[in-house]
Each structure stands twice: as structure tokens, then as C-alpha cells.
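What follows is a short report on a single structure.
Laboratory data are not the source of any read-out in this text; all were calculated from the coordinates shown. A quick note: this is a predicted structure, and the numbers were derived from the prediction, not measured. So basically every Cβ, Gly included, is an ideal-geometry build from the backbone, and we count neighbours across all protein chains shown.
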Amino acid sequence: MNVLIIGSGGREHALAWKSAQDKDVQQVYVCPGNAGTHLENKVSNINLDSNNFEVIEGFCIDKAIGLVIIGPEQPLVIGLSDYLQSKGINTFGPSKSAAQLEGSKTFSKDFFVKYNIPTAGYKSFKNYDLALNHLEKINYPTVVKADGLAAGKGVIICSNKDDAVEALHSIFKDKAFGSAGNRVVIEDFLDGEEASFIAVVSKDKIIPLATSQDHKAVGDGDIGLNTGGMGAYSPAPIITDSINKKILDEVMYPTMRGLIKENSPYLGFLYAGLMIKDGEIKVLEFNCRFGDPETQPILLRLNSSLVELCMAAITDNLDSYIIDWTPKHSCGVVIASDGYPQSYESNKEVNIEEYAMDGAKLFHAGTKFENKKIITHGGRVFCATALGDNLKEAQKNAYNLVQKVNFDGAFYRKDIGFKGIK
Ligand code: AMP
Ligand code: GLY
């Protein structure tokens with residue numbers, strides 16, 4: 001079979017790399033992909049506009065695509081999965097209506113309340129003055145969030161009222177996140193440790209993937225601005241068996257059932273961002289897709305086939321499906337461009353030293369291939385990912401791989417995995 005992956009990040013490189021390992025897969029296409037997918041065996045890039053559904057459909061027919069996996073949220077939120085499914089093309093990714101769980105914070109918060117899913121208290125505003133007025137009545141710190149998609153950057157933690165006023169101003173008045181900020185959610189600040197819980201969901205069936213933990217802040221020790229994620233590791237010891245059960249019982253199953261009730265049964269990766277404290281969990285957000293960078297360390301641990309798993313979900317055969325994971329630990333360190341998550345320079349030539357390291361893989365993210373050279377083309381540029389018998393060894397192997405990559409302005413966190421090791 002031939003597979004099409006939509007997207008261009010580190011997540012999509014990992015999805016393509018894993019799909020290409022399947023013996024039943026002849027060719028993987030990535031739209032638009034990056035330098036890493038271009039250089040991967042059995043994988044080629046294709047530059048189509050994923051907002052143009054007919055063009056994607058035409059490509060799928062032309063190349064006899066047997067499975068489409070949609071990586072990022074944006075095409076899901078505008079309905080690419082619905083469209084391709086309606087044309088009879090096997091597509092792994094939720095419908096436009098189910099993707100609202102990520103596409104609108106107000107939608108997801110209202111959904112949590114309706115289905116009794118634990119989350120922080122909140123209020124949602126379309127009006128700047130009403131939102132300002134609300135700031136008089138709450139405790140600090142507080143969290144101000146743009147309602148719509150903002151590439152993980154539309155969340156501002158405000159330690160006092162002045163910060164919150166500034167946040168509202170930048171979202172409502174300066175339009176820092178464009179129309180994603182036409183509404184704002186003001187939410188209680190939650191304390192605790194974060195974890196990512198990602199599952200494959202197909203209507204009323206859920207198969208949890210290996211657990212993981214991301215590192216959202218740009219700086220060591222979780223200091224500084226929030227990013228899309230600076231590194232991740234798997235498994236995450238914070239998700240003990242009892243927490244795992246609680247997440248399924250209090251979050252994942254109620255969500256799945258709620259979506260069925262709303263006539264939006266889910267198909268795809270479902271990602272709950274959680275805050276855990278003293279054995280209690282609260283949902284920070286839902287994503288309607290696999291995490292980036294969580295995908296990279298998680299897929300490095302996957303022994304069984306990703307394509308088979310997605311097809312089992314699409315054909316409603318998850319019941320008897322068993323995923324095979326290596327018991328090894330995995331760690332992925334993001335190498336970013338200086339300045340990220342704010343402005344940064346691109347078009348730097350990358351030099352990668354040859355390496356032969358078992359269980360290590362350098363996933364590309366913001367790279368492109370030009371004149372036979374790898375050039376930087378984004379804020380997060382690589383995710384150096386490696387296995388180890390324990391997290392400490394996986395971390396050491398991942399940082400050894402980081403040393404093989406050089407470009408002007410490269411930076412990375414030095415402490416990915418620290419909470420798991422502690
Ligand atoms: P979100 O996109 O809603 O997950 O927010 C992005 C990041 O902001 C989360 O991963 C947390 O680190 C932080 N965050 C979001 N909501 C809260 C909250 N209510 N309390 C504390 N931190 C939060
Ligand atoms: N790593 C966080 C995300 O994918 O949203």
C-alpha cells in the first residue's frame with residue numbers, strides 16, 4: 001500500500017519513517033514534508049496545498065493511497081478528514097466537529113463541564129470590557145488563552161492583574177493571535193506536574209499509547225516562554241497504574257462517550273494535556289492529533305506497525321488489537337533556532353556528522369533540502385531521539401546525538417527528562 005502523511009514537522013518525519021518500515025508499504029508521501037522525509041528511504045515529499053481538498057483527493061487517487069494520516073491540527077479543524085472519508089479514502093484523523101476539542105478552547109471547556117471531566121474553572125469572553133471587568137473578581141496567578149489555534153503560543157500565564165490586562169490587550173486589541181483571539185478564555189491557574197496522555201480512538205474503543213512527558217518552556221528548569229515543546233520522553237513515571245486508570249475513567253472514556261452523544265464519534269489520535277497533583281488530574285487541553293515532540297520518542301518505542309494500528313482503527317477492529325512496545329526508555333531533545341519561540345533566523349546550513357548509534361534517530365522538523373544541502377526552515381529544527389535501558393541512558397544517548405548536529409544559532413534545553421530521572 002501507499003501512505004500519505006500530511007504535515008511538515010518532526011511528528012510527520014516520525015510518522016513517515018515508521019510507516020515506511022512496514023513491509024506492506026511500498027511508498028510513503030509526505031505533504032509537504034521536510035529535508036528529513038526527503039532523505040528517508042521509501043519516502044518522498046510532495047508539495048500540494050492541504051487546504052485544497054480536491055487536489056489532495058486527486059493525488060490520493062493518482063497514487064493509489066491506501067491510508068492518509070493527518071499530522072497537524074489545522075487541516076483537521078477545517079475538515080480534511082471528513083472530505084477524504086466522504087470520498088472513500090482511508091483517512092486517520094478526526095472530523096471537523098470532533099477537532100473542535102482543539103480548535104476552540106471555549107468549545108472544549110464547555111464540553112468538559114457538560115460531561116463532568118475535571119478541568120480548571122474558567123469563563124469565556126467575546127467582549128474586551130467584560131473580560132477586563134472579570135479580572136477584578138479573580139485570584140492570581142491566572143491564565144489567559146486565545147480561543148482558537150495559535151500553534152501552542154496562545155496561552156499566557158499572568159502572575160498579577162497588570163499582566164492579565166496586558167494579555168487581554170494583546171489578544172483583543174493588538175490581535176496578537178489574529179482571529180484565534182476573537183474570544184478569550186480566562187482560567188484558574190493549576191499547579192502540579194504536566195503529562196501527555198495520547199490514545200488511538202475509534203468511536204467507542206480506546207487504545208492508550210505509551211505515556212510521555214513534554215517540556216513546554218523554552219529554558220532549563222521549565223523557565224521562560226512556552227513553546228510547542230522542547231523535548232519529551234517516554235514512558236512518564238508520573239503516570240502510575242492508578243493515575244492511568246483515573247485518566248481513562250475520568251477523562252478519556254467520558255470524552256469518547258460525550259463525542260458519540262454529540263454525534264461526533266472520534267477517529268484518530270486523541271491527546272489529553274493533563275495537570276497532575278497529589279493523585280488528582282485535571283485536563284489543561286485536548287489536542288486532536290499526535291503531540292510534537294511526543295510522537296518522536298513514542299514511535300521510537302513502537303515495535304508493531306503504525307499503519308496496521310491506524311487501519312485497525314479505521315476499520316473498527318481495535319477490540320483485539322495489541323500494540324507491541326519495547327520496554328526501553330526513549331528521550332527526544334529538540335534543537336531549535338536561536339530566538340524561538342519568538343523571532344528567529346532561518347536558511348542556516350546544517351552540518352550533520354555521520355553517526356552509527358543503535359536505537360537513535362535524528363528526526364527533522366524545520367528543515368528543507370536545497371541544492372543538496374540541509375537548510376534550517378523553522379523554529380524547532382530537529383528532535384534528536386534515542387532509546388536506552390533506562391531514562392538516564394536514553395537521555396545520554398539523545399544528547400550524544402545532539403552533538404552531531406551543527407548550525408548557526410542552534411540551541412537546546414540541557415535537562416530533557418529531568419523530572420522522570422528525579
Ligand atoms: P494549553 O494549550 O491550554 O495546553 O496550554 C499550554 C500550556 O500552558 C500548558 O501545557 C501549560 O503548561 C500551561 N497552562 C495552560 N493552562 C494552564 C492552567 N490552567 N494552569 C497552569 N498552566 C496552564
Ligand atoms: N507537545 C505539545 C503539543 O503537541 O501540543
Distance in nm between label sites at Q26 and N41, each 7 Å beyond Cα in the beta-carbon direction?
-> 1.9 nm
Among K109/K368; K105/K396; K348/K422; K277/K396; K277/K328; K105/K137, which pairs are too far apart, with a Cα-Cα distance over 31 Å?
-> K109/K368; K105/K396; K348/K422
Listing V334, V28 from the residue with the fewest other Cβ atoms within 10 Å to the one with the most, what is the order?
-> V28, V334
Compute the distance in nm between two label points, each set 7 Å from the Cα along the Cα-to-Cβ direction, one at L225 and one at N182.
-> 2.6 nm
Once you have the Cα-Cα distance between E136 and A356, take 0.36 nm times their residue separation minus that, and quote the gain in nm to one decimal.
-> 73.3 nm
Radius of gyration and Dmax for the range 372-422's Cα atoms, expressed in Å?
-> 12.6, 43
So how many Å³ per residue does the convex hull of the Cα atoms of the range 71-154 work out to?
-> 122 Å³
Would you list E40, E194 from fewest to most Cβ contacts within 10 Å?
-> E194, E40
Site D204, offset 7 angstrom along Cα→Cβ, radius 19 Å on amide nitrogen, limited to the range 224-245, gives none
In nanometres, what is the gap between the two model label sites at T326 and M1, each 7 Å from Cα along Cα-to-Cβ?
-> 2.5 nm
Identify, among N41, G7, P72, the residue whose Cα sits farthest towards the positive end of the charge dipole of the range 1-74, taking +1 on the Cβ of Lys and Arg and -1 on the Cβ of Asp and Glu, with the dipole about the Cα centre.
-> N41
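Quick one: putting +1 on the C-beta of Lys and Arg, -1 on the C-beta of Asp and Glu, what dipole do you get for the chain around its Cα centre, in Debye to the nearest 20?
140 debye
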Take the chain, connect every pair of alpha-carbon atoms lying under 10 Å apart with a spring to form a Gaussian network, then pick out the residue of D408, D249, D62 with the largest mean-square fluctuation.
-> D62
Fewest-first ranking of S330, S304, using other Cβ atoms within 10 Å as the exposure measure | S304, S330
quick shape note, the chain: Cα extents on principal axes in Å, largest first -> 59, 46, 42
Based on the Cβ-Cβ distance from D338 to K373, what FRET efficiency comes out when R0 is 25 Å, to the nearest 0.05?
-> 0.80
